[in-house]
Amino acid sequence: MLNPIKLASKNFLSSLDISSEEFFHILEIARNFKNKDLEFKFKDKVLGLIFDKSSTRTRVSFQVAMSRLGGMTVDLNPTTSQIGRGEPIRDTARVLSRYCDVLAIRTFKQSDLEEYAKWSSKPVINALTDLEHPCQAMADYMTIKEEFVDFKNVILTFIGDGNNVANSLILFGALLGIEVRIACPKGYEPNDLVINSAKKMYKNKNLLKIINDPISAVQGANVLYTDVWSSMGEENQKEKKDRDFLGFTVDHNLIRNADKDAIILHCLPAYRGKEITDEVIESKKSRIFEQAENRMHAQQALLSCILS
Ligand code: CP
Ligand code: NVA
């Protein structure tokens, strides 16, 4: 019987917090949850959600995952709690971790998330920061594994902004040892610390490629992934970024250069007609809605391990 193992790290603030053994274990539990071959109950356990930014998938998939585990969720909307009034994180974290068993936090600065983790007596999960979106990347690699069975020889090309989603994909890609290419305009490369950490994990293998030409970046790729050009909090940069990212739309012309069996991923929400066309989202190659579903299974698996 497959049982969730306790993770070595108390918190899941970054893709760096998980070992490859833990990663495969979580994906295996997630697969079993999805196939309804496994059931664990964490009755009366409470997940607190603190979301400083909007969310559909992350919020609801955490709520349903927790409910499937027999626990419950409290949604601590900052505008209706004292968080919006500016109560210090160190106070909020100490109080909420006396009520809840685990906290999932979506905020701007990674350092604020780390501050929560520092003061919380219970585990803290990164539900998206400006730097990373590790829960997303976990579900993404689950989706890739469903398609390609193992990760051997898989080439993932992310086309767009070197943002939070790209950073977490890079770090898990390095953990798995697969080739990750980032196609972005000059000036929109992923975070330097992320690149350096990934390079160390890849050892001497040159498997992380930052390329400014999308067509050459997708040659032979098995997975094409994109995300919005302007992330939450970057609304004032929209016009400039729309100009700078011209030519980086994932459309049928671009896909033609990838492997013929390539699949398309997008974390959603999408701006159809900007980073990806309507036809590509709706095409046979798209696994975008399977990917969104997998958020729930992967997070249910993650919560099982954290609560064990
Ligand atoms: N992909 C994702 O995190 O979506 P939400 O912003 O809707 O949670
Ligand atoms: N990069 C996007 C991801 C949304 C799920 C953002 O941060 O807004």
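Key figures
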item: Assigned charges on the beta-carbon of Lys, Arg, Asp, Glu; the range 222-301 dipole about Cα centre (debye); result: 100 debye
item: Net lengthening on full extension, Lys53/Asp278 (0.36 nm per residue, minus Cα-Cα); result: 78.4 nm
item: Summed side-chain charge close to Cys305 - residues other than Cys305 whose Cβ falls under 9 Å, Lys, Arg +1, Asp, Glu -1; result: 0
item: Top positive-direction residue, dipole computed over the range 206-265 with Cβ charges, set Gln219, Leu246, Gly233; result: Gln219
item: Listed residue (Ser197, Gly86, Val102) projecting farthest to the positive dipole end of the chain, Cβ model; result: Val102
item: Share of alpha-carbon pairs per 5 Å distance bin for the range 39-82, given as whole %; result: 6, 23, 28, 21, 14, 7, 2, 0
item: Cα-based Lys proximity count in the range 1-147, under 13 Å, for pairs eight or more positions apart or on separate chains; result: 4
item: For the range 219-228, 3J(HN,Hα) per residue [Karplus equation, 6.51 cos²θ - 1.76 cosθ + 1.60, θ = phi - 60°, Hz, x = Gly/Pro]; result: 3, x, 6, 9, 10, 10, 10, 9, 8, 3
item: Extension gain, Lys109 back to Asn3 (0.36 nm per residue minus Cα-Cα distance, nm); result: 34.7 nm
item: Rounded, prolate or oblate (a/c below 1.5 giving rounded, otherwise prolate when a/b exceeds b/c) for the range 102-222 by Cα gyration tensor; result: prolate
item: The chain: relative contact order in percent, alpha carbon pairs under 8 Å with at least 6 residues between; result: 21 percent
item: Over the chain: Rg over Rh, Cα atoms, Kirkwood Rh; result: 0.96
item: Dipole in debye (nearest 20) - the range 204-252, about Cα centre, beta carbon charges: Lys, Arg +1; Asp, Glu -1; result: 260 debye
item: Electrostatic dipole magnitude of the chain [Cβ: Lys, Arg +1; Asp, Glu -1; Cα centre; debye, to 20]; result: 560 debye
item: Relative contact order for the range 107-256, counting Cα pairs under 8 Å that sit 6 or more residues apart, in percent; result: 22 percent
item: Rg and Dmax [Cα atoms of the range 8-54; Å; Rg one decimal, Dmax integer]; result: 13.7, 35
item: Per residue accessible area in Å² of the range 1-119, where ligands, DNA and RNA are left out and the probe is 1.4 Å; result: 51 Å²
item: Straight-distance crosslink candidates among lysines, where the alpha carbon sits under 21 Å from Lys274 and sequence neighbours closer than 8 are dropped; result: Lys186, Lys238, Lys240, Lys241, Lys284, Lys285
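The values are calculated or read from the model by the stated rules, or taken from the named source; none is laboratory data. Here the structure is a predicted model, which is why all the values come from computation and not from measurement. Positions of Cβ are generated from backbone atoms using ideal geometry, with glycine treated the same way; all protein chains shown enter the neighbour counts. Ligands, DNA and RNA are excluded from the accessible area calculation, which covers all protein heavy atoms including side chains. Shrake-Rupley method; radii C 1.70, N 1.55, O 1.52, S 1.80 Å.
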